[in-house]
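J.: Just dropping this structure here.
The values are calculated or read from the model by the stated rules, or taken from the named source; none is laboratory data. Computed from a predicted model, the values in this text were never measured in an experiment. So basically every Cβ, Gly included, is an ideal-geometry build from the backbone, and we count neighbours across all protein chains shown. These accessible areas exclude ligands, DNA and RNA; they are computed on the full protein's heavy atoms, side chains included. Shrake-Rupley method; radii C 1.70, N 1.55, O 1.52, S 1.80 Å.
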Amino acid sequence: MNSVSPVLAAQNLVVEYRQHRAVDNLNLQIPQGCVYALLGGNGAGKSTTISTFLTFNRPSSGQVLIEGESPHANAELVRAKLAYLPENVALYEVMSGLENLTYFCTLANIRLSSDQAHSLLLDSGLQADAHQKRVAAYSKGMRQKVGLAIASAKQAKAMLLDEPTSGLDPSAANDFAQRIRAAADRGMAVLMATHDLFNAKQVADRIGIMKNGRLVEEFDAHTVQHDELEQKYLAHARGLA
Amino acid sequence: MIKTIIRKEFLATLRDGRLLTLGITLLVLFVGFFLTSMYELQQLRAEKHSVGTTAKEQWNTQSVKNPHSAAHYGIYVFKQDTPVAALDPGLRPYIGQSLWLEPHKRNLTRFNPAADQVLAGRFGQATTSFVLTALLPLLIVALTFNSVSQERESGTLRMLHSLGVDAGQLLFGKLLGLMTAFSVVLAPALLLAAVILLGNFAFTLDDALRLLVLMLVLNLYYGTFAALAISASAYFNTSRTTLFCLLGFWLASVFIAPRLGAVSAEILAPNPNASQFWREIKDDIDHGLEHDGDHEERAKAFEAQVLAQYGVSRKEDLPVGFVSLNRQHNDAYSVKVHALRFDALRDNFVRQQHLSHLGSWLGPSLALRSLSMTLAGMDLAHQRHFEDAAEQYRQYFINLTEDWDRERSRGTERKATGEETDWRSVADFSYQAPNIGFALRTAEVDLLVLLLWLGLSVGLLKISARRLAP
Ligand SMILES: Nc1ncnc2c1ncn2[C@@H]1O[C@H](COP(=O)(O)OP(=O)(O)O)[C@@H](O)[C@H]1O
Ligand SMILES: [Mg+2]
């Protein structure tokens with residue numbers, strides 16, 4: 001490991017499910033403080049890419065690296081350096097948001113005081129009166145906020161977000177984007193899968209368009225024009241490019 | 001980490017409505033059945049005690065008569081059940097527990113309640129242990145079958161994996177958390193049962209130990225089911241497949257294994273039928289065992305030996321009653337033959353019991369049932385222990401009457417008499433049931449099978465943990 005390694009990198013990554021190639025020769029580099037949005041339609045391979053960093057999948061060839069090391073060679077890396085926010089945050093229904101946070105954190109060896117736990121939830125946007133309620137009564141957005149609190153508690157080097165704003169109302173999505181931005185500004189590397197162009201443009205530093213497992217275009221989010229991005233994205237989606 | 005998992009699983013199981021609803025239904029059922037069978041046990045004990053006392057009192061108050069005639073009056077003796085039998089009546093419905101003790105002949109136990117009880121009564125007896133050995137494992141299956149697959153389906157497994165949770169700790173944490181929740185729900189009922197038992201029966205230390213060990217092995221048994229259910233839940237992809245397989249296993253273990261075991265035992269080590277059994281005893285007595293000569297030869301030899309011993313040439317001149325002496329000699333031979341045949345029969349029971357474990361490949365229930373009835377003192381080994389003690393007692397009082405008969409007459413006359421003080425001098429039958437050490441030695445194979453299943457289930461849990469993919 002050396003300090004110039006990007007926090008997250010994919011090198012010639014190929015991931016296959018039986019015969020089907022879900023990720024095809026993908027190359028990515030995400031340095032500290034960078035939010036990278038993987039933009040693409042359903043089935044483009046975004047989730048598979050994220051899963052591979054988390055070692056839910058194994059590469060068929062190529063590799064993923066976390067600060068220069070392969071998590072498939074050293075399983076400890078995932079625990080130590082990654083935070084994960086799935087598309088549907090999975091929580092235990094019969095426990096409260098607070099209990100879920102505390103449980104997941106304890107399992108990740110993070111000791112939280114009750115005050116710390118409450119403030120993590122508040123910082124993630126979950127109203128105080130919901131903290132003690134059972135998750136079964138939560139909306140999708142509320143679950144997402146607990147998920148974010150869990151991910152933040154880890155103080156990880158990198159955060160992997162799979163469609164974090166899908167199903168959130170616009171104002172919640174906006175809040176969420178700002179929290180992600182803030183985390184990146186504190187030095188976190190973020191890999192975010194999304195099919196929401198607006199969301200990508202709003203938060204990301206770099207945007208990659210993925211299609212059929214391949215990275216077909218890459219942009220600097222700060223310089224690309226929204227119209228241009230939109231046209232390219234739609235063209236790929238319609239299979240014109 | 002594992003403590004956190006145990007605590008969370010414990011809380012989640014308790015908060016999950018299923019445990020409470022199912023558990024409480026089962027417990028109400030259990031307590032109902034328990035009260036019924038306890039009441040029955042109490043009745044039975046009182047009945048046995050009073051019939052036993054009456055029988056001996058009737059013996060005691062016989063009129064003046066020939067001692068051997070008095071012996072023919074006979075004495076009934078009863079096997080007292082341990083209080084633990086309220087939880088498992090074992091073989092009580094199938095074998096009797098009283099013995100009719102009479103001269104010349106050793107009897108098999110009679111007083112078989114199953115023969116003169118309506119179906120409802122049998123149902124009531126069987127169900128306390130049915131709840132403990134069959135329904136509670138089913139409850140465990142119902143609570144556990146989706147414990148891992150649900151986490152996989154909902155995605156929490158991926159969360160846990162991304163947090164670096166060790167799969168082994170997760171699965172074993174689930175096992176211990178579930179068992180703790182299960183015990184908490186079960187504890188009030190068992191406590192209640194224990195209090196009721198303690199309040200209604202005089203408990204010896206041995207009874208208490210038996211009860212304690214029974215609780216312990218039941219827990220091991222439930223643990224086996226829970227470990228198997230959790231590893232199946234981790235192994236199979238969907239909750240449905242898991243449930244299907246676990247129900248199959250439960251059926252096989254609880255219902256098919258005992259029948260398979262019984263059938264294998266009966267085929268591989270068949271018992272003689274009753275008429276054959278008694279005929280062989282009669283033949284052995286008539287024709288004599290090897291080198292003993294037949295009945296007539298033995299009688300002649302005995303007569304010659306007695307005449308020589310007393311230095312007389314005719315039976316009529318003997319200073320003691322020859323009729324009694326001769327009878328005692330014949331009885332001794334009969335005792336020897338009976339002992340051989342009875343032991344062979346009961347050794348075959350033991351062989352059958354061991355062979356029945358061929359059914360234990362299908363699950364631990366057969367071993368548990370057998371172990372539980374042994375701990376309750378309601379199995380064949382305790383029965384045999386009782387029968388042997390009763391046989392000792394039979395020989396004791398028959399020989400006593402023969403002593404009186406022989407010493408109070410001479411030659412071939414039959415004038416000996418006895419009176420109430422004689423009859424009263426026959427000690428009461430006081431049976432000391434064997435202790436828990438005896439039970440544990442008897443149940444060695446059952447214990448071994450149960451531990452093997454526990455080991456297997458824990459091993460499977462370890463394997464499932466190693467292959468657990470999010
Ligand atoms: N577990 C799986 N087994 C088989 N094929 C899968 C599996 N997960 C995803 N795929 C396939 O891989 C491709 C990429 O899927 P995914 O990474 O989920 O795409 P995205 O997240 O961009 O919608 C799709 O064609 C999908 O059908
Ligand atoms: Mg996806």
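J.: Go through (1) under 21 Å from B:ARG414 (Cα atoms); (2) part of a helix (DSSP H, G or I); (3) at pLDDT 90 or above one by one and return the number of the condition B:LYS282 breaks.
T.: (1)
J.: A further question follows. What residue, of B:ALA257, B:ALA265, B:ALA252, B:ALA269, is among the aliphatic types (A, V, I, L, M) and more than 17 Å from B:ALA367 (Cβ to Cβ)?
T.: B:ALA269
J.: Check off (1) within 16 Å of ligand 1 (Cβ to nearest atom); (2) in a helix (DSSP H, G or I); (3) at the interface with chain B (Cβ under 8 Å from one of its Cβ atoms) for A:ILE50 and give me the number that stays unchecked.
T.: Answer for A:ILE50: the failing condition is (3).
J.: Go through (1) open to solvent by 40 Å² or more (accessible area, probe 1.4 Å); (2) within 13 Å of ligand 1 (Cβ to nearest atom); (3) at positive phi one by one and return the number of the condition A:GLY45 breaks.
T.: Unmet condition: (1).
J.: Out of curiosity, is A:THR55 within 19 Å of A:GLU87 (Cβ to Cβ), within 14 Å of another protein chain (Cβ to nearest Cβ), surrounded by fewer than 24 Cβ atoms within 10 Å (Cβ to Cβ) and away from ligand 2 (no atom under 16 Å from the Cβ)?
T.: Spelling it out, A:THR55 is indeed within 19 Å of A:GLU87 (Cβ to Cβ), within 14 Å of another protein chain (Cβ to nearest Cβ), surrounded by fewer than 24 Cβ atoms within 10 Å (Cβ to Cβ) and away from ligand 2 (no atom under 16 Å from the Cβ).
J.: Please list, ordered by residue number, the strands (runs of 3 or more DSSP E) wholly in the stretch A:118-227 having 3 or more residues that are out of contact with any Leu (no Cβ under 7 Å at 6 or more places or on another chain) and among the charged types (D, E, K, R).
T.: A:214-220
J.: Please go through the stretch A:5-36 and pick out each residue that is under 26 Å from B:THR156 (Cβ atoms), buried (at least 19 other Cβ atoms within 10 Å of the Cβ) and within 14 Å of ligand 1 (Cβ to nearest atom).
T.: A:VAL15, A:ALA22, A:VAL23
J.: Now a separate question. Looking at the structure I just gave you, is A:GLY33 part of a loop (DSSP other than H, G, I, E, B) and touching a Gly at 6+ places or on another chain (Cβ under 6 Å)?
T.: In short, yes.
J.: If we scan the stretch A:93-113, do we find a residue that is within 12 Å of chain B (Cβ to nearest Cβ), outside any helix (DSSP H, G or I), acidic (Asp, Glu) and more than 16 Å from ligand 1 (Cβ to nearest atom)?
T.: Yes.
J.: Would you kindly identify the helices (runs of 4 or more DSSP H) lying entirely within the stretch B:381-470 that contain at least 2 residues that are over 34 Å from the mean Cα position of the chain (by Cα) and not small (Gly, Ala, Ser)?
T.: Here the list reads B:420-425, B:444-467.
Rundown of residues vs (1) open to solvent by less than 50 Å² (accessible area, probe 1.4 Å); (2) out of contact with any Phe, Trp or Tyr (no Cβ under 9 Å at 6 or more places or on another chain), yes/no style:
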position	(1), (2)
B:VAL426	yes, no
B:ILE436	yes, yes
B:ARG441	no, yes
B:GLU444	no, yes
B:TRP453	yes, no
B:ILE463	no, no
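J.: Taking interchain pairs and intrachain pairs at least six residues apart, which have beta carbon atoms under 6 angstrom, with the first residue in the stretch B:303-332 and under 16 Å from B:ARG410 (Cβ atoms) and the second among the acidic types (Asp, Glu)?
T.: B:GLY321/B:ASP405; B:SER324/B:GLU402; B:SER324/B:ASP405; B:GLN328/B:GLU402
J.: Related question: Is the stretch A:76-84 home to any residue that is buried (at least 24 other Cβ atoms within 10 Å of the Cβ), of a type in the set (A, V, I, L, M) and within 12 Å of ligand 2 (Cβ to nearest atom)?
T.: No, every residue in the stretch A:76-84 fails to be buried (at least 24 other Cβ atoms within 10 Å of the Cβ), of a type in the set (A, V, I, L, M) and within 12 Å of ligand 2 (Cβ to nearest atom).
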